[in-house]
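Colleague: Just dropping this structure here.
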Amino acid sequence: MDRFLDLRFVIGLFFILTGLLLLLYGCFHPQETINLWSGGLFLIFGLFMAFLSFKVKQS
């Protein structure tokens, strides 16, 4: 439960979910490539933020 109090994890989770939705939409509508690019960048940023939250030592 303490993980949800860390803002880096919550931001990462938001960007991961948004990135996955954009990637899925871009896969089913290939004429809109901006969704693939932005979804990929959102996903990478979200994974980075989630990684940062796991790097913090829990006391």
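Colleague: Run the helix sum for the chain: -39,500 (n - 2.57) per DSSP H stretch of 4+ residues, divided by residue count, reported at 222 nm to the nearest 500 deg cm²/dmol.
Modeller: One gets -26500 deg cm²/dmol as the mean residue ellipticity at 222 nm.
Colleague: Using only the alpha carbons, work out the radius of gyration and Dmax of the chain in angstrom.
Modeller: Taking only Cα atoms of the chain, I get Rg and Dmax of 13.5, 49 Å.
Colleague: Something else about it: Provide the gained length on full extension for the span L21 to F45, in nm with one decimal, where the gain is 0.36 nm per separating residue minus the Cα-Cα distance.
Modeller: Fully extending the segment from L21 to F45 adds 7.2 nm.
Colleague: I've got another one for you. Mind telling me which of F48, F15, F28 comes out most flexible in a GNM of the chain, alpha-carbon contacts under 10 Å?
Modeller: Fluctuation is largest for F28.
Colleague: Between the helical axis of 33-55 and the dominant principal axis of the chain, each derived from Cα atoms, what acute angle in degrees is found, rounded to the nearest 10?
Modeller: Compared with the principal axis, the helix lies near 10 degrees.
Colleague: Where in the chain are there trypsin sites (Lys or Arg not before Pro) that are in a DSSP coil and have at most 10 other Cβ atoms within 10 angstrom of their Cβ?
Modeller: K57
Colleague: I'd like the orientation of helix 7-28 relative to the chain: the angle between its Cα long axis and the longest Cα principal axis, in ° from 0 to 90, rounded to 10.
Modeller: The answer is roughly 20 degrees.
No value in this document is a laboratory result; all are computed from the given coordinates. Everything quoted here is computed from the prediction, not taken from an experiment. All Cβ positions, glycine included, derive from the backbone under ideal geometry; neighbour counts span all protein chains shown.
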